[in-house]
1. Which of LYS118/LYS172; LYS159/LYS199; LYS400/LYS574; LYS396/LYS536; LYS178/LYS206 have a Cα-Cα distance over 29 Å?
2. Using unit Cβ charges (K, R positive; D, E negative) and no other charged atoms, how large, in debye to the nearest 20, is the dipole of the stretch 348-458 about its Cα centre?
3. Roughly how many debye, to the nearest 20, is the charge dipole of the chain about its Cα centre, given +1 on each Lys and Arg Cβ, -1 on each Asp and Glu Cβ, and no other charges?
4. Kindly identify the chain as rounded, prolate or oblate by the Cα gyration tensor criterion: order the square roots of the eigenvalues as a ≥ b ≥ c, call it rounded if a/c is under 1.5, otherwise compare a/b with b/c, prolate if a/b is larger, else oblate.
5. Which is farthest toward the positive dipole end of the chain among GLN341, GLY143, HIS514, measuring Cα position about the Cα centre, with Cβ charges +1 (Lys, Arg) and -1 (Asp, Glu)?
6. Which links in LYS181/LYS264; LYS112/LYS329; LYS268/LYS306; LYS112/LYS327 stretch past 24 Å when you go from one Cα to the other?
7. Given H placed 1.01 Å from N in the peptide plane, which residues other than close sequence neighbours of GLU305 have an amide H under 5 Å from its amide H?
8. Among the GluC sites (Glu not before Pro) within the stretch 347-440, which fall in a DSSP loop and have no more than 13 other Cβ atoms within 10 Å of their own Cβ?
Amino acid sequence: MQRFAIQAAELIADSLGKPFTVEELSIPQDRTHGDFAFPCFKMAKELRKAPPEIAKDFASKIQSSAHKYLSSFTVASVGPFVNFTVTREAAMNAFLPQILEGADCGSFGKLKPGSRGKWTLEFSSPNIAKPFNIYHLRGTALGAALSRAGVHRGFDVVKINHLGDWGTQYGKLAVAFKLYKNEMPANPTIPDLVNIYVKFHQDLEKDPTLEDQARQAFVNLENNEPEITALWKNCVEIALKEFTATYKRLDIEFDHYWGESFYKDLLKPLVQKLKDQKLLVESEGAWIVPVTDREGREIPPCILEKKDGASIYATRDLAAAIYRHDKFKFDRMTYIVGQEQKLHFQQVFGVLRKMGFEWEKVCEHVATGLYRFKDAKMSTRKGNFVTLDSVLEEAKTKSKELLIARTQDTRTQYQDFPGGYDGFIEETSEAVAIGAVVFHDLSTDPARDVEFDLDRVVSFEGETGPYLQYAYIRCLSILRKAGRDADFNPALIARLTHPAELTLVKQLGLFGTHLDRTLNFAKASQLCNFLIDVSKDFGHFYRECHVMGDDPELTSARLMLVESTRRIMGLGMKILGVPRPSRM
Ligand code: ARG
């Protein structure tokens, strides 16, 4: 609908005789009033007349103009507004051909690759010595969704995973790996790393020299000492193997796994540069940079080098930012990271600003909230540590129950599935579980905490992932039952005259607009809500309009609409990372 918004704005500007932008248009609350509205308050004030009177006059002025875009709209005044309604013909002809072009999900709303600049997007970034916490799903799901939406809307996206793999605690881990090597299984996993880390801390109480050993180990690591480096590498590989399996399960890929360690050789020169620039100040043996936030308010200083000369988290982030800019010359860089790191990013951005990097302006920290569990069993789990895997397993068990309850009476219908009925249950429950958990996470505002109530999250009703999957499958099954292709035939568009059809088409036409909002606000909840609205409008259309009636032409025309809905929903779900099962 964006193109119509632009047309309406141009129509208004020409009638006003002065500039008027799309952003100044409002969207009527009640969609039956129109698609866009021009509020007349400002004009009324200037002309000292009542707004409804102005609206009436302005509407007739537009109507009597011979503007080239007038044919796209019906224009009418309602109270203080001039409302613009895209005509049935204009909307249908603008959207249906494009949506139905190409194969599978088509490429509706897709913009030329790279046409909107370079976007460096950092997300997920778990720490290697711990299992993948559910809490890391926040940034992971959002980052993946934003990256896919970005690519669709013409951004050249670089996806970076800033693994936590460097710092004193990894010196400890490497020492522990050496000490307890013999007690570990042949193929250690992340929980084994956790165990030796815990054990190390227990032994530390008996032998305080271990603390110094670990500190020294990290200094040695930073100096590329071979033995400790080999031990550390082992740990990274163990963790990465598990993380990549998790990403595969979620269908997520990264362009670069550049953990904190990746920047290790850039740290000393960076600290030197800061000293040369006279930005570093010594404070109790450590080196710090006094900084302000973007509004110029003083905030706690950014510590960049510890007493023992070791680098810290912020040093590595500073080096990473500069490296990424050197390499990609990004137009935007986004860090999706928990809100507890807000100050950290303010400090890093503050140092970049002091160093004179103009591009600091296009760096942003998208802060994410936590997870809260309704189910006491989950929230009191050992060490208060809930893994993503455990949540997915619970969701999968629940999905299985629900699926079996719905399908067991008709189980013979699933025999053609690979693995028969059991195969269907296994594959589909995995898709439903992932769809449920990911959708629920994404539909929560990133900054808010996710309230996790398993029954609600996995439910097939309400605004959930499974509800979307179900709506998608309904389109599929209508098309399947019709037994013929919804081939695009432009001549049949004229047969779509029902208001419910028009509402649905206009809704589908908003896809690009919602993707852009998703990108601008870095919130996938925009897209989640849009897809829910599409399924509701589809439901309404399906109840109001008989798809499989006796008029073959009307049936074909309506099947085109079903296929269009399937495509937009399919594309949207793909972008969100919600799997699309074929039956449910
Ligand atoms: N590894 C960190 C954590 O788990 C997140 C890293 C965030 N990214 C960054 N550039 N500091 O808390």
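Any read-out appearing in this document is the output of simple, stated calculations on the displayed coordinates, not a laboratory observation. Because the structure is a prediction, the values reported are computed rather than measured. With ideal geometry, Cβ positions are generated from the backbone for all residues, glycine too; neighbour counts draw on all protein chains shown.
1. Over 29 Å Cα-Cα: LYS118/LYS172; LYS159/LYS199.
2. Result for the stretch 348-458 is approximately 480 debye, rounded to the nearest 20.
3. Roughly 1020 debye for the chain.
4. Values: a/c = 2.77, a/b = 1.48, b/c = 1.87.
Oblate.
5. HIS514
6. Details: LYS181/LYS264 26 Å; LYS112/LYS329 19 Å; LYS268/LYS306 12 Å; LYS112/LYS327 22 Å.
With Cα atoms farther than 24 Å apart: LYS181/LYS264.
7. Close amide H contacts, sequence-distant or interchain: TRP287.
8. Within the stretch 347-440, no GluC sites (Glu not before Pro) qualify (loop, at most 13 other Cβ atoms within 10 Å).
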